[in-house]
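Working notes for the structure below.
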Amino acid sequence: MEDKISSFAVLPTVVSQTALLEAIYNKLPDMVFLFDVKERRFVLRNPALDSIFGFDHLKDQEINCISLRSLIHSEDWKPIQNAIQQLENNEKETVEIECRCLDKFQQYQYFNTRLSIFEKLGDKLVYLIGIAQNISGRKKMEQQSQLFKNRLQELSFITSHEMRHEYAKIQSIVNLMDNKFISDSERVELIDEAKKSIQLINSSIFKLNHKLSFNQHDDFFTINKESEKFNKIIMIDDDVLTNVLNRKIVQALLPEMTVEVYINIDDALSDIRNMGQMQQTLIFLDINFPGRGGWDFLDDYATISDAANVIVLSSSIDNRDREKARSYASVIDYITKPLSFDFIKTFFEDLKMAKLDNQL
């Protein structure tokens with residue numbers, strides 16, 4: 001036992017401190033750099049920094065501050081300058097700042113950076129040493145947590161104020177309807193008020209559905225929308241009434257638009273096979289059908305056309321369905337029922353603007 005302790009005790013004299021520090025410097029996942037304050041350039045940087053920013057081909061060259069500035073988020077440049085100024089003015093010996101930088105994949109990553117005075121010449125600052133830790137994962141979790149918190153507050157307001165208020169009005173109206181002191185004209189007014197409250201409750205239900213989807217506005221679907229000028233719409237839903245209502249919504253806003261409806265997946269596919277090019281046909285597709293459903297349609301449709309022209313219109317707010325929809329090249333959006341006037345109006349206005357932009 002004593003021999004082992006004795007052997008271990010001499011280990012630090014066998015491994016040089018320089019070799020140990022160099023190994024840490026080269027293997028550390030955090031970025032480490034030495035900054036020349038006067039020349040505004042990075043005279044030393046570890047492999048982690050080169051790897052994150054794609055500077056591997058410049059590993060033997062110095063990088064000036066101007067080159068790095070192009071990678072830093074514009075909102076974070078001023079705080080970095082202020083931090084360096086504090087060190088130059090001897091206000092602090094160490095400062096910590098958070099900043100966003102573009103990595104080699106052109107994605108912003110969050111870094112917590114600690115800057116410390118490494119060398120001074122009299123009162124003049126010569127070198128700063130910096131250690132930057134990637135905290136993007138933590139920031140994403142914080143942002144998601146805040147998003148969920150805000151969303152829960154919105155849901156609470158909708159249920160406790162908007163819906164509860166209109167429900168109380170309807171309850172009061174129902175209690176008054178059989179009162180013999182209420183005239184016929186007053187009953188008509190009460191019914192009109194009840195209808196208004198029902199509409200508001202329906203609107204609140206739609207908002208609840210929208211909020212519960214958590215990502216109704218999806219960057220993935222946004223960037224995959226094409227600026228085609230659709231001249232025909234196909235609606236596929238096993239609910240006849242839903243098809244009728246959706247057709248009326250479209251025709252109210254787009255009276256010249258051709259609209260065809262199907263309640264059966266195979267009937268829709270059979271006709272689509274004979275339609276030729278589908279790039280100018282927009283398809284609204286429900287997912288859940290008795291028997292073959294929306295996913296079966298998308299599987300078969302991929303063998304018929306390469307057009308990106310399907311909007312999944314579903315009552316499902318399960319994010320697994322949204323993720324699955326992403327896997328189909330034909331799907332350009334995923335929205336929850338009911339189809340609204342606002343969606344149709346905004347969708348076609350956005351396509352019109354995109355087409356104008358492409359023509360410039």
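List of remarks:
- Cα gyration tensor, the range 34-156 - rounded (a/c under 1.5), prolate or oblate: oblate
- With all protein chains modelled, accessible area of Lys92 [1.4 Å, Å²]: 100 Å²
- Largest mean-square fluctuation among Ile205, Ile72, Ile311, in a Gaussian network model of the chain whose springs join Cα atoms under 10 Å apart, belongs to Ile72.
- Electrostatic dipole magnitude of the range 130-171 [Cβ: Lys, Arg +1; Asp, Glu -1; Cα centre; debye, to 20]: 180 debye
- Computed from Cα atoms, the angle from the helix 17-27 axis to the main principal axis of the chain rounds to 20 degrees.
- Taking the chain and dividing mean pair separation by its residue count, relative contact order in percent (alpha carbons under 8 Å, at least six apart): 10 percent
- Projected onto planes of every orientation and averaged, the convex hull of the alpha-carbon atoms in the range 33-87 covers 3.9 nm².
- Backbone geometry of the range 259-275 corresponds, through the Karplus equation with coefficients 6.51, -1.76 and 1.60 at θ = phi - 60°, to 3J(HN,Hα) couplings of 10, 10, 10, 9, 10, 9, 4, 5, 4, 5, 5, 4, 6, 4, 4, 9, 8 Hz, x marking Gly and Pro.
- Over all directions, the projected convex hull of the C-alpha atoms in the range 258-356 averages 6.8 nm² in area.
- For the chain, with all protein chains in place and a probe radius of 1.4 Å, 54% of the accessible heavy-atom surface sits on carbon or sulfur.
- Its alpha carbons give the chain an Rg and a Dmax of 31.4, 106 Å.
- HN-Hα J in Hz across the range 79-91 - Karplus 6.51, -1.76, 1.60, θ = phi - 60°, x for Gly and Pro: x, 5, 4, 5, 5, 5, 4, 4, 6, 5, 8, 6, 6
- Net dipole in debye of the range 26-119 [+1 Lys, Arg Cβ; -1 Asp, Glu Cβ; about Cα centre; nearest 20]: 160 debye
- Choice from Ile236, Ile24, Ile272 showing the highest fluctuation, given a GNM over the chain with Cα pairs closer than 10 Å: Ile24
- Between helix 341-359 and the chain: long-axis angle, C-alpha atoms, 0 to 90°, nearest 10: 50 degrees
- Between 0 and 90°, nearest 10: helix 240-253 axis offset from the chain longest Cα axis: 80 degrees
- Ranked by the mean number of other Cβ atoms within 10 Å of their residues, highest first, the peptides 48-58, 330-340 come out as 330-340, 48-58.
The values are calculated or read from the model by the stated rules, or taken from the named source; none is laboratory data. These figures come from a predicted structure and were not determined experimentally. Here Cβ is always computed from backbone atoms with ideal geometry, including for glycine, and neighbour counts include all displayed protein chains. The accessibility values were calculated without ligands, DNA or RNA, using every heavy atom of the protein model including side chains. Shrake-Rupley method; radii C 1.70, N 1.55, O 1.52, S 1.80 Å.
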